[in-house]
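Have a look at the structure below before the remarks.
The values are calculated or read from the model by the stated rules, or taken from the named source; none is laboratory data. Being a predicted model, the structure only gives us computed values, none of them experimental. No Cβ is skipped: glycine too gets one built from the backbone with ideal geometry, and neighbour counts run over all protein chains shown. Accessible surface is based on the protein model in full, side chains and every heavy atom, while ligands, DNA and RNA are left aside. Shrake-Rupley method; radii C 1.70, N 1.55, O 1.52, S 1.80 Å.
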Amino acid sequence: MTKARILVTRAVFPDVIERLEQYFEVESNQDDRILPASELAEKVKGKGGIFTTPSERITADMLAANPSLKAVCNMAVGFNNIDVDAATKAGIMVTNTPDVLNETTADFAWALLLATARRVTESEHWLRAGKWNKWRFDTFLGADVHGSTLGIIGMGRIGQAIARRSMGFDMKVIYHNRSRVAPELEARANNARYVGKEELLKTADHVMLALPYSPQVHHIIGAVELAMMKPTATLVNIARGGIVDDAALIVALRANRLAAAGLDVFENEPAFDPAFLSLSNVVLTPHIASASEPTRRAMANCAADNLIAALTGGNPPNILNPGVIKG
């Protein structure tokens with residue numbers, strides 16, 4: 001029996017490629033070049049499935065031009081790089097990798113929050129530059145995390161995992177979401193209290209963004225929202241670029257209208273706004289919130305599980321458009 005052909009768009013663990021080769025004829029990009037759109041479109045031709053990452057844009061035109069395509073399986077929770085509506089119209093299954101990265105991402109959110117509030121990277125750069133020659137009472141005064149109010153925008157699984165960790169810091173938790181979560185989930189999330197976005201921004205000492213990207217939340221944090229925040233507050237984004245208006249954030253940080261920000265994601269990443277590099281009150285990391293080896297392996301295998309199921313007659317465990325499954 002002829003094996004279905006698949007494309008793996010970026011480098012992934014070799015043992016995952018070996019797994020896929022048991023089922024498919026695999027074309028893999030193990031040299032990890034970012035494929036230009038035209039080259040990606042050419043490589044998709046004749047493929048039954050694609051193993052994608054957030055780096056690739058899977059457009060309506062690409063989907064329409066490939067009638068052999070049955071599944072697009074993203075190695076990420078977010079899927080704003082894929083035109084899911086177009087895939088659904090074309091009868092193409094789309095999957096993601098939820099749950100396996102919740103706890104690791106929440107861990108990193110806290111690492112970023114603590115580094116931001118306590119000015120860790122700023123003080124390290126100062127020390128490395130040889131500027132430390134005496135102790136002073138006001139050297140790198142930061143903000144307390146313990147006993148403060150944490151505001152979480154986006155109370156899905158990752159947001160809830162972030163909130164659970166706040167118990168050890170004796171924090172109050174407020175959150176804003178499209179809708180209120182179940183009372184039992186609020187209780188587990190350090191008795192989190194549902195509030196409007198404006199109240200959250202005005203009240204929270206530390207604002208954490210953990211919501212998925214969609215056109216509806218593009219620049220949900222812009223100049224108006226940043227002006228609502230306390231000048232002593234911090235903002236941490238471990239969600240997606242585009243949720244924050246980066247240009248407006250740079251203006252607010254430069255003017256000290258906001259104490260500090262911690263960013264793992266950016267608009268137009270990896271080509272982020274270079275003005276961030278001129279600011280000392282921002283912690284910058286290169287989209288690594290899920291980057292522990294066990295978690296990235298789990299994500300890769302989850303994407304492989306989805307692709308194997310989709311192309312061998314099964315039901316992918318993480319399908320985003322289940323209506324395309326026949327029967």
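Hey, with R₀ at 51 Å, roughly what FRET efficiency would SER55 and ASP138 work out to, going by the Cβ-Cβ distance, to 0.05?
Details: r = 44 Å, r/R0 = 0.85.
It comes out at approximately 0.70.
What is the packing order of peptides 235-245, 53-63, 216-226, taking the mean over residues of other C-beta atoms within 10 Å and listing the highest first? Don't skip to the answer; put the middle values down first.
Values: 235-245: 24.8, 53-63: 18.5, 216-226: 16.9.
Ranked by mean Cβ neighbours within 10 Å, highest first: 235-245, 53-63, 216-226.
In whole percent, and with a 1.4 Å probe on the protein chains, what portion of the accessible area of the range 267-323 is carbon and sulfur? Can you show the working numbers first?
Details: 1540 of 2760 Å².
Taking all protein chains in place, the range 267-323 shows 56 percent carbon and sulfur surface.
Using 29 Å as the Cα-Cα cut-off, could you pick out the over-long pairs in LYS47/LYS326; LYS3/LYS89; LYS43/LYS326; LYS134/LYS172; LYS131/LYS202? Don't skip to the end; give the middle numbers.
Numbers: LYS47/LYS326 20 Å; LYS3/LYS89 26 Å; LYS43/LYS326 27 Å; LYS134/LYS172 36 Å; LYS131/LYS202 36 Å.
Over 29 Å Cα-Cα: LYS134/LYS172; LYS131/LYS202.
Please work out the average accessible area per residue across the range 205-272, using the 1.4 Å probe convention, and give it in Å². Don't skip to the end; give the middle numbers.
Details: 2630 Å² over 68 residues.
So the range 205-272 comes to 39 Å² accessible per residue, rounded to a whole number.
Collect residues whose amide H, placed 1.01 Å from N in the peptide plane, falls under 5 Å from the amide H of MET208; neighbours closer than 5 in sequence don't count.
GLY151, ILE152, ILE153, VAL236
Please identify every one of the trypsin sites (Lys or Arg not before Pro) in the range 147-195 that sits in a loop by DSSP and has no more than 15 other beta carbons within 10 Å of its own beta carbon.
Numbers: sites: ARG157, ARG164, ARG165, LYS172, ARG178, ARG180, ARG188, ARG193; in loops: ARG178, ARG180.
In loop regions of the range 147-195 (DSSP not H, G, I, E or B), the sparsely surrounded trypsin sites (Lys or Arg not before Pro) are ARG178, ARG180.
Scan around ALA233 for amide H atoms under 5 Å from its own, H built in the peptide plane at 1.01 Å from N, and keep only partners 5 or more places away or cross-chain.
Answer set, sorted by chain and number: ALA259.
With labels modelled as points extended 7 Å from the Cα through the Cβ direction, what inter-label distance (nm, one decimal) is found for ILE34 paired with ILE325?
3.5 nm
Whole number in Å², please: accessible area per residue of the range 1-148, 1.4 Å probe, ligands, DNA and RNA not counted.
Numbers: 7910 Å² over 148 residues.
Computed with neighbouring chains in place, this is 53 Å² per residue.
Skipping prolines and chain starts, which residues have an amide H placed within reach, meaning under 5 Å, of the one on ALA11, given they are 5 or more residues away or on another chain?
HN-HN under 5 Å from ALA11: ASP32.
Applying a 10 Å radius around every beta-carbon, put 141-149, 268-276 in order of their mean neighbour count, most first. Before the final figure, lay out the partial values.
Numbers: 141-149: 14.7, 268-276: 12.9.
Result, highest mean first: 141-149, 268-276.
Hey, can you rank 114-120, 134-140 by average C-beta count inside 10 Å, highest first? Show your work: numbers first, answer last.
Numbers: 114-120: 20.0, 134-140: 7.7.
Put in order of decreasing packing, that is 114-120, 134-140.
Give me the percent of accessible area attributable to carbon and sulfur for the range 1-68, probe 1.4 angstrom. Numbers along the way, then the final one.
Values: 1920 of 3680 Å².
The value for the range 1-68 is 52 percent carbon and sulfur by accessible area.
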